[in-house]
Ligand SMILES: Nc1ncnc2c1ncn2[C@@H]1O[C@H](COP(=O)(O)OP(=O)(O)OP(=O)(O)O)[C@@H](O)[C@H]1O
Ligand SMILES: [Mg+2]
């Protein structure tokens, strides 16, 4: 984690480049904001309060990577991340509903994130212990003088373990017994979701979880299950890992993680911005109300969650919206002040689409290739074919509606529909698509506006 917070802006941009095409200003801006947060944390306390956080407003049409940039940024630095829609707080029944819930969600994410990290750290040890437990089932240890893996050193030198047991251990390790079935005892707290308890409204707002108050009753039973050894090992490894980690420690670290590196993405902020025609009441009031509700969090407040108190001073807020009608200057002045950084994201071009299809680590073409690989189908596109796909996407965006890179998804599924349907793993084959194939599958649809409205 420490290493991450020290990523320089340049390094952050380079990492984002692996996933997001173009939008270099936005990348630079989020990189600076992230680094500024870290810089601000290094400043003495008195001065810290004087330095405004570098919250950002991302402006731009739909599907150009606003959410994606924020999400990738968070993942890059293992920051807890939540995305909320500002408009959700204007909905009937939601008005006044505490915006603080987003911080609670953030805390939950952080707990999961940190817990996973801790589990990974004890993974090897947990697997060893799990294997011993499996071994004890298939080859119970001698009843007297049972030697525990941990505290095995009694006065007499370890009783020589039976060679069969050693041999079985080797085989377990090699995975040679993976498919054999055994019966094991596991904790059956997986059954407790059935027992969800809904508290009275308001309890949740106070960060109180009834479920926790009632304790995990009925949760910690042990239950016998018949499983393949490979599955048993997985399950027991999880169990052992949980025993090895210190949950209090996890909670503390998670709270710190939220406070120091949490990122809240507030979508559709433009929808709660409106130059209020003063005194008319109605929707404008509730829009402005949402901003007023959000303000304290952005300014720095303390929120009670079931994991503990969380200070929001250093949480990074990234707001986003199309801003077709409203402008950032339509936000209430206090909000404008707290979101000092504005950056515009650009519409994507045909050339961008070509790169989005091929370059990102998770590029769409790679995804479909991998999906079909599972059916023993090797899918190749010629360069011309990719260009044709990009061109079609740009065309449909221009003709029907500009939904940005999302268009590539609809186009790809249409293009590959037949192949995706017909492939069943039975006959390994190689499919080569060139420009004329793309034209064959998409051309007539794309040129027919009525048709592409529905299909592409
Ligand atoms: N510049 C880009 N590079 C790579 N992929 C992109 C880019 N822009 C968008 N995408 C892809 O398009 C999809 C939609 O992008 P995203 O969710 O970021 O849109 P958005 O800008 O947040 O739109 P909205 O305003 O509708 O929320 C994602 O799957 C994302 O991977
Ligand atoms: Mg979005």
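Scanning the range 224-234 for residues that are surrounded by fewer than 17 Cβ atoms within 10 Å (Cβ to Cβ) and part of a helix (DSSP H, G or I) yields 230, 231, 234. When 166, 237 are screened for being in a helix (DSSP H, G or I) and modelled with pLDDT under 90, only 166 passes.
Of all the listed residues (254, 319, 273), the sole one being within 16 Å of ligand 1 (Cβ to nearest atom), under 26 Å from residue 68 (Cβ atoms) and at pLDDT 90 or above is 319. Comparison of 47, 113, 106, 76 shows that the only residue that is buried (at least 23 other Cβ atoms within 10 Å of the Cβ) and away from ligand 2 (no atom under 16 Å from the Cβ) is 106.
Being out of contact with any helix residue (DSSP H, G or I) (no Cβ under 6 Å at 6 or more places or on another chain), within 30 Å of residue 75 (Cα to Cα) and at pLDDT 90 or above is the requirement here; does residue 243 meet it? Before the answer, list the steps.
Numbers: out of contact with any helix residue (DSSP H, G or I) (no Cβ under 6 Å at 6 or more places or on another chain): yes; within 30 Å of residue 75 (Cα to Cα): yes; at pLDDT 90 or above: yes.
Spelling it out, residue 243 is indeed out of contact with any helix residue (DSSP H, G or I) (no Cβ under 6 Å at 6 or more places or on another chain), within 30 Å of residue 75 (Cα to Cα) and at pLDDT 90 or above.
Just one of (1) away from ligand 1 (no atom under 16 Å from the Cβ); (2) in contact with a helix residue (DSSP H, G or I) (Cβ under 6 Å, 6 or more places away or on another chain); (3) modelled with pLDDT under 90 fails for residue 87. It is (1). When residue 179 is tested against the conditions (1) within 19 Å of residue 305 (Cβ to Cβ); (2) at pLDDT 55 or above; (3) loosely packed, with under 14 Cβ neighbours inside 10 Å, the lone failure is (1). The residues of the range 40-54 that are assigned to a helix (DSSP H, G or I) and more than 16 Å from residue 311 (Cβ to Cβ), listed by number, are 42, 46, 47, 50. Restricted to the range 355-383, and to residues there that are over 26 Å from the mean Cα position of the chain (by Cα) and surrounded by 14 or more Cβ atoms within 10 Å (Cβ to Cβ), the residue that is farthest from ligand 2 (Cβ to nearest atom) is 376.
Candidates are the residues of the range 393-408 that are in contact (Cβ under 8 Å) with a residue 60 or more places away in the chain and at negative phi; the one that is farthest from ligand 1 (Cβ to nearest atom) is 396. All of 98, 78 fail the test of being within 16 Å of residue 266 (Cα to Cα), assigned to a loop (DSSP other than H, G, I, E, B) and touching a helix residue (DSSP H, G or I) at 6+ places or on another chain (Cβ under 7 Å), apart from 98.
The values are calculated or read from the model by the stated rules, or taken from the named source; none is laboratory data. Just so it is clear, the model here is predicted, and its values are computed rather than measured. Positions of Cβ are generated from backbone atoms using ideal geometry, with glycine treated the same way; all protein chains shown enter the neighbour counts.
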